[in-house]
Amino acid sequence: MFDLTGKNALVTGASGGIGGAIAKALHAAGASVALSGTREAPLQELAAELGERAHVVPANLSDADAVAALPKAAAEAMGSVDVLVNNAGITRDNLFMRMSDDEWQQVLDVNLTSVFRLSRGVLRGMMKARWGRIVNITSVVGTTGNPGQGNYAAAKAGLVGMSKSLAYEVASRGITVNCVAPGFIATAMTDKLNDEQKGKILTQIPAGAMGAPDDIAAAVTYLASPAAGYVTGATLHVNGGMSMV
Amino acid sequence: MSDIADRVKKIVVEHLGVDEDKVVESASFIDDLGADSLDTVELVMAFEEEFGIEIPDDAAETIQTVGDAVNFIKGAV
């Protein structure tokens, strides 16, 4: 339905459940993909599964030099970066009173600052091409807050404000900047929860189930496609009705 | 006009889509040639690429006219 033939997409955090699903969906829509992440083995595995039009560009987003080099590495592998999906994220949960400066800073560095730097890094090419898509993966907790996630929620809410500001600046150049805000998505991260925790979560979700990585990938594919050219500065909430904003 | 001035003029004409005879040394990118702030950033990037130079932000701010650009580039290449 959404055609990305000839477009080149860089996906961060592609070794994770949601990032992998996003990369697969963009690839299935015809895009070339550059898969980034810290662990190279799962990236290589995914690239092998995808076959042609898949490239591996590992990067540790907590390392500023690695962040600066990533857009260039992706452009060299694919010829350009037309679509940037900032999906990578980490958590360092702790109650506010117990949260260390380090826990705060690590989450802000990877989840917010690296997105600023990567976006800045791909903009020149997008400006020249008069076409570009930046999709930032935020979270329902950026809107609702969540105990134990002051750092994570701050970074995710920060992404929304940053995306809107950038969306203003580059809208006249055919570049859109949007967010996708997942609710609870079944991944390796949520597998760790026990049945009681899961049950509690489900009572808050009108849809009665956790989402799947493919639910997020579909939203990203839409926003990355030419079909969403008039959508910018928006946040698409994909949360089974958990938070209707 | 020198070679540098010709190349600058060509970039400005191409980028802003203005008539060549409007791109005179005294022409202001924003006031006379209809550039917006993003256009000026793009022009600076195009000059950097064309001439293989780096134009720092504080220098870019002083480049208001076509003549400013030519003079800066002459001093930088």
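List of remarks:
- Enumeration of residues in region A:155-169 that are of a type outside the set (D, E, K, R) and out of contact with any helix residue (DSSP H, G or I) (no Cβ under 7 Å at 6 or more places or on another chain): A:161, A:163, A:165, A:167, A:168
- Selection of region A:163-179 for residues being more than 10 Å from every other protein chain (Cβ to nearest Cβ) and open to solvent by less than 10 Å² (accessible area, probe 1.4 Å) yields A:163, A:167, A:175, A:176, A:177, A:178, A:179.
- When the residues of region A:128-159 are filtered to those that are over 14 Å from residue A:182 (Cα atoms) and hydrophobic (A, V, I, L, M, F, W, C), the one that is surrounded by the most Cβ atoms within 10 Å (Cβ to Cβ) is A:134.
- Enumeration of residues in region B:43-62 that are in contact with a helix residue (DSSP H, G or I) (Cβ under 7 Å, 6 or more places away or on another chain), free of Cβ contacts under 8 Å to residues at least 40 places away in the same chain and more than 14 Å from residue B:13 (Cβ to Cβ): B:44, B:45, B:53, B:54, B:55, B:59, B:60, B:62
- With respect to the conditions (1) modelled with pLDDT under 95; (2) surrounded by fewer than 15 Cβ atoms within 10 Å (Cβ to Cβ); (3) aliphatic (A, V, I, L, M), residue A:186 falls short on a single one, namely (2).
- Some residue of region A:207-217 being part of a helix (DSSP H, G or I), among the aliphatic types (A, V, I, L, M), open to solvent by less than 50 Å² (accessible area, probe 1.4 Å) and out of contact with any Pro (no Cβ under 7 Å at 6 or more places or on another chain): yes
- Just one of the listed residues (B:60, B:35) is within 23 Å of residue A:123 (Cα to Cα), surrounded by 15 or more Cβ atoms within 10 Å (Cβ to Cβ) and within 14 Å of chain A (Cβ to nearest Cβ), and it is B:35.
- All helices (runs of 4 or more DSSP H) inside chain B with 3 or more residues being touching a Phe, Trp or Tyr at 6+ places or on another chain (Cβ under 9 Å) and of a type in the set (A, V, I, L, M, F, W, C): B:3-16, B:66-76
- Failed item in (1) open to solvent by 30 Å² or more (accessible area, probe 1.4 Å); (2) more than 14 Å from chain B (Cβ to nearest Cβ); (3) part of a helix (DSSP H, G or I); (4) under 30 Å from residue A:120 (Cα atoms), with residue A:202 passing the rest: (4)
- Residue that is nearest to residue A:146 (Cα to Cα), among those in region A:232-245 that are open to solvent by 40 Å² or more (accessible area, probe 1.4 Å) and of a type in the set (A, V, I, L, M): A:242
- If the condition is being in contact (Cβ under 8 Å) with a residue 24 or more places away in the chain and open to solvent by 90 Å² or more (accessible area, probe 1.4 Å), then region B:63-77 contributes B:64, B:74, B:77.
- Answer residue from region A:141-162, given it is in contact (Cβ under 8 Å) with a residue 24 or more places away in the chain and not in a helix (DSSP H, G or I) and is nearest to the other protein chains (Cβ to nearest Cβ) among those: A:149
- Checklist (1) farther than 20 Å from residue A:19 by Cα; (2) within 14 Å of chain B (Cβ to nearest Cβ); (3) touching a residue at least 12 places away in the same chain (Cβ under 8 Å) applied to residue A:128, failing item: (3)
- Considering A:113, A:91, A:12, the condition of being under 21 Å from residue A:163 (Cα atoms) and touching a Ser or Thr at 6+ places or on another chain (Cβ under 7 Å) is satisfied by A:12 alone.
The values are calculated or read from the model by the stated rules, or taken from the named source; none is laboratory data. Predicted model, so just to flag it, every value in this text is computed and none were measured. When we count neighbours, we look across all protein chains shown, and the Cβ atoms used for this are built from the backbone with ideal geometry, even at glycine. For accessibility, only protein heavy atoms count, side chains too; no ligands or nucleic acids. Shrake-Rupley method; radii C 1.70, N 1.55, O 1.52, S 1.80 Å.
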